[in-house]
1. Taking residue 85 as meeting all but one of (1) among the aliphatic types (A, V, I, L, M); (2) modelled with pLDDT under 95; (3) in a strand (DSSP E or B), write down the number of the exception.
2. Let me spell it out: the conditions are (1) free of Cβ contacts under 8 Å to residues at least 60 places away in the same chain; (2) surrounded by 17 or more Cβ atoms within 10 Å (Cβ to Cβ); (3) not aromatic (Phe, Trp, Tyr), and residue 136 meets all of them except one. Which number is the exception?
3. Considering only residues that are among the polar types (S, T, N, Q) and either part of a loop (DSSP other than H, G, I, E, B) or loosely packed, with under 15 Cβ neighbours inside 10 Å (or both), which ones fall in the range 89-120?
4. Test residue 123 against the criterion of being modelled with pLDDT under 95, surrounded by 10 or more Cβ atoms within 10 Å (Cβ to Cβ) and touching a Cys at 6+ places or on another chain (Cβ under 9 Å), and give yes or no.
Amino acid sequence: MGASFKPWRTAPTEAQIQQTCTELLELDGWRALRTDPVSDRGRGKGFGEPGMADHLYVRYQVVEAPELSLSFRFAEVIWIEWKCIRAGRKASTKATQHQNAWHQAERARGALTLIAGVDFPATIEGFESWYKASGLNRRIK
């Protein structure tokens, strides 16, 4: 057994949910960018602002218009704040006040932002179910 094995833990950690769901999105063509507003920017590490979601996911699309000799480039964008179900709590870890404020501001700008435990159940299965029904899914069965 590894040092990180915790036999009393039955639900996946936030890191496990984030990793598994990110891998699912990457299989569907998304590029994952981890935000880190408190990282060492002087060394080129991290980007972000207080309250910003954990991950930015971007997927590009090129639409050719040969009759116009043009190519149109589009990007789909999702911001996701990952949370997990915690033992002894009602449902899931709640977003902080500054995280909620950041999401509200981005949504007012037209962004698609998600908070696990609010917009979908804070589980791998909860996210997968939401994603498959979202209209964003291209190739995940």
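1. Only one criterion in (1) among the aliphatic types (A, V, I, L, M); (2) modelled with pLDDT under 95; (3) in a strand (DSSP E or B) is unmet by residue 85, namely (3).
2. Every condition holds for residue 136 apart from (1).
3. Matches in the range 89-120: 92, 93, 96, 97, 104.
4. yes
The values are calculated or read from the model by the stated rules, or taken from the named source; none is laboratory data. Source: prediction; values computed, not measured. With ideal geometry, Cβ positions are generated from the backbone for all residues, glycine too; neighbour counts draw on all protein chains shown.
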